[in-house]
């Protein structure tokens, strides 16, 4: 028995040299235990080290071990196997990145004998340390900070934003994106790899932009998404609703309590890695109703498809109006100029008849409003009375158009509450098969955390007008119907 112990120890050490997961099972005190999702993460990281994966994106809930694996253990294991390589380790703050670096450095000091590797005695600072006898090592930095004097065979980004406040800031999201493109990405050595591990906060976060870029033919990423509760096509083969780490206490009861405590928006983003809930958050997909248009002889009917069957309404019995949320720039990430054309039935059902959405310069605003009036002949045209809207209101009044100002005197969420209630009771209908329908509904489902909310603003204002407004019946048919 005693004679076999050296052989068993040799096998253990060989496995430790080969397998990252052996680092998770060892913490010097026996407190750490691995899990299925962390073993899958280890497999992907090992493939990165072998050069089989060049871009790895991992999205996981908070407190589920991603930083323990990716930022604390993996750099030590990677540099033990590749002591001549350079690693850049980043997170949302320089302090947190330094904490990760400290643990990675300590891990390599404890276990570097597996490969005969040591932390350099003359380069051992927390945020910048090297490997004895080589040019390899690690530098830690905060996202947005400088990364000088180092290339990267491996670049790790661990949670590039700190909290919801940062994630909801368009300025900070753009700053992170610019830092990624102009700083971190440019430090990558030929054939180098990037590992992005994060909890999703916003559909326009770094992961969201990289995914859109990938869909448009950009760099291709291996994406591993492991939500707190399994959904369809789970990478671990879990049944829908099965918890990710019940052994650690993150079980179904914890999930129910957490979802109640944080709300559906935060739960969908942070814990399910879906910043825009599939069924909706503020607006739910199950609330959407639809109508179609039929012509019989000289009459036009709106056919409302309700849960209890169809209802036919004469178009001539409905009054029509428009709501406009103006914007005035054609830059790629700017807001849109949006106008919605609405019909209101005698029972005060709200029908979205048509929608105009374009990035337009101020010089085109007058022409747009004239064309919309000629096409739709609304009895009233409501325009938000701030910034560009003030000029539109004055121009339209001079043209004799039935213009009315909209007061933006509450925040967007409060403004949307009345129409949210109307959606929930099933009195708002979208035009079936409209070319703008998918974009509109995606924005409604993402609200209030979506990249754009100009269409939602127009919808919200319409809900307010049904309650407080009214207008003359319009008998003229919309153009083309």
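Every number here is computed from the coordinates shown, using simple stated rules; none is lab data. Computed from a prediction, not measured in an experiment: that's the story for all the values here. Virtual Cβ from ideal backbone geometry, glycine too; neighbours counted across all protein chains shown.
Output the 0 to 90 degree angle, nearest 10, between the alpha-carbon long axis of helix 36-49 and the longest principal axis computed from the alpha carbons of the chain.
70
Which percentage, to the nearest 5, of the DSSP beta bridges contained in the stretch 2-226 is antiparallel?
Values: 6 of 32 bridges.
Beta bridges within the stretch 2-226, antiparallel portion: roughly 20 percent.
Where does each of 399-409, 442-452 land if you order them by average Cβ count within 10 Å, highest first?
The peptides rank, most packed first, as 442-452, 399-409.
Out of every Cα-Cα pair in the chain, what percent are more than 39 Å apart? Mind showing how you got there, number by number?
Working: 45134 of 115440 pairs.
Here the long-distance tail beyond 39 Å is 39 percent of all Cα pairs in the chain.
Report, to the nearest 10°, how far helix 5-18 tilts away from the longest principal axis of the Cα atoms in the chain, using its own Cα long axis and a range of 0 to 90°.
Its long axis makes an angle of about 40 degrees.
For the pair residue 40/residue 424, report the inter-label distance in nm, with labels modelled 7 Å from Cα in the Cβ direction.
3.5
So how do 302-312, 161-171 stack up, highest first, on mean other-Cβ count within 10 Å? Mind dumping the intermediate values first?
Values: 302-312: 13.0, 161-171: 15.0.
So the peptides 302-312, 161-171, ranked by packing, come out 161-171, 302-312.
Subtract the Cα-Cα distance of residue 361 and residue 171 from 0.36 nm times their separation in residues, and report this length gain in nm to one decimal. Before the final figure, lay out the partial values.
Details: separation 190, 0.36 × 190 = 68.40 nm, distance 2.23 nm.
Net length gain for the segment: 66.2 nm.
Pulled fully out, how much extra length does the chain show between residue 256 and residue 316, if you take 0.36 nm times their separation in residues and subtract their Cα-Cα distance? Display every interim value, and only then the final one.
Details: separation 60, 0.36 × 60 = 21.60 nm, distance 4.94 nm.
Once the chain is fully extended between residue 256 and residue 316, it gains 16.7 nm.
Antiparallel DSSP bridges in the chain: what percent, to the nearest 5?
Working: 37 of 77 bridges.
DSSP beta bridges in the chain are roughly 50 percent antiparallel.
Once every DSSP H run of n ≥ 4 in the chain is given -39500 (n - 2.57) and the sum is divided by its residues, what mean residue ellipticity at 222 nm do you get, rounded to the nearest 500 deg cm²/dmol?
The helix-only estimate for the chain comes to -10000 deg cm²/dmol at 222 nm.
Please report, largest first and rounded to whole Å, the three semi-axes of the ellipsoid equivalent to the stretch 143-204, where each semi-axis is the square root of five times an eigenvalue of the C-alpha gyration tensor.
23, 12, 9
State the Cα centre-to-centre distance between the stretch 226-261 and the stretch 36-83 in whole Å.
21
Ratio of Rg to Rh for the stretch 2-226, alpha carbon only, Kirkwood?
Result for the stretch 2-226 is an Rg/Rh of 0.97.
How tilted is helix 412-424 with respect to the longest principal axis of the chain? Cα atoms for both, answer in degrees (0 to 90, nearest 10).
70
When you count, for each residue, the other Cβ atoms within 10 Å and take the mean per peptide, how do 137-143, 63-69 rank with the highest first? All intermediate terms of the calculation are to be shown ahead of the outcome.
Numbers: 137-143: 24.7, 63-69: 20.4.
Answer by packing, highest mean first, reads 137-143, 63-69.
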